[in-house]
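The values are calculated or read from the model by the stated rules, or taken from the named source; none is laboratory data. No experiment lies behind these values; they were computed from the predicted model shown. Here the Cβ positions follow ideal geometry from the backbone for every residue, glycine too, while neighbour counts run over all protein chains shown.
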Ligand SMILES: Cc1cc2nc3c(=O)[nH]c(=O)nc-3n(C[C@H](O)[C@H](O)[C@H](O)COP(=O)(O)OP(=O)(O)OC[C@H]3O[C@@H](n4cnc5c(N)ncnc54)[C@H](O)[C@@H]3O)c2cc1C
């Protein structure tokens, strides 16, 4: 598991944060790689206590949730730096590295629009890596079409009562609190924050995903919440998707960066294997069909990385348009799927065997074209921006 870096066109955009990326890579190789070596070979998903250790250690070093300002517990790094760290985590091939950076259980952009009290009570512990959360938006009949929610929030005196069912919720089994999105009559989807021990809120069915990450159903049965559970207070009512929208680009670019890193790692495995493996008296690297797999992958990975980094710079400049992040997420996730597939072909049966990194990545990368909006939905966004439909 080396982290040697090729000199590539994208390194031009990486140089600005070179020291930070070097420091992160050295943390991964010095501290996380030895820990990962202790995990059984077929572990798809590291245990919760190990993830918590990695998260807290990384927060202590200033990497985790690093784009949050110092007064919230972050390091105030630009978003481009966060994207570079996610690319580096994937590129390392270390299965613990992604947990050193904030993901779906970390600080929610929705909470950045919270009241002062919500920021202190919920966002800050997330930034410090001390708490984890889940987001319950998807419903059995409302996935991509998130405006079709049937979970309802009804006013009850000063507070609210929520009823409904959420599905495919990540992290529900280890979250300290949930962000629940429910429809408020005439006002629209509204985000509420509730402790997982709130009466009436319970985990229902568990779904075991193909890469080992479980997802959960959340059942809301007469969940009573106080008035101050609405994220952002009164002005947050009906604003969940509007508020969420301006943060979607960041989430999509983080997924794009994760995909770029994984694709780069897979490509490195492919090149190393092709140089060693012999067939018909030659190293397979000499065969043009194998070169085609690897050179096409190299070209596509470079293009995807550059697009992701350019979009991250636009976010930092405050000029990012949602269709750019949609393009980047679409490009990077579909590229990573193709690259992992091709590199597995290059490995023959070796890459297919349980316990080989490619076998895991082949299953893992599938989710990247679904989360933060499917590839089809990214195309819908881009088509609209192009004045189509
Ligand atoms: C690993 C993982 C983690 C997840 N974590 C969470 C979580 O923490 N919280 C949460 O709330 N949800 C979570 N989800 C759910 C995820 O957000 C949804 O699966 C996603 O939004 C798609 O919704 P759906 O599965 O209902 O598919 P649908 O929306 O039913 O889509 C089915 C198919 O139709 C296509 N489609 C839909 N609309 C259009 C259109 N207008 N044009 C063209 N094609 C279209 C889709 O692209 C897809 O191919 C998670 C999912 C996965 C796989």
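Note on the range 144-163: residues that are within 12 Å of the ligand (Cβ to nearest atom) and either at positive phi or over 18 Å from the mean Cα position of the chain (by Cα) (or both) total 6. Of all residues in the range 169-198, those satisfying the criterion of being away from the ligand (no atom under 13 Å from the Cβ) and touching a strand residue (DSSP E or B) at 6+ places or on another chain (Cβ under 7 Å) are 176, 177, 183, 184, 190, 192, 193, 194, 195, 196, 198. Look at (1) over 27 Å from residue 96 (Cα atoms); (2) away from the ligand (no atom under 14 Å from the Cβ) and you find that residue 247 fails only one, number (1).
The number of residues in the range 33-52 being modelled with pLDDT of 95 or more and within 19 Å of the chain's Cα centre (by Cα) comes to 3.
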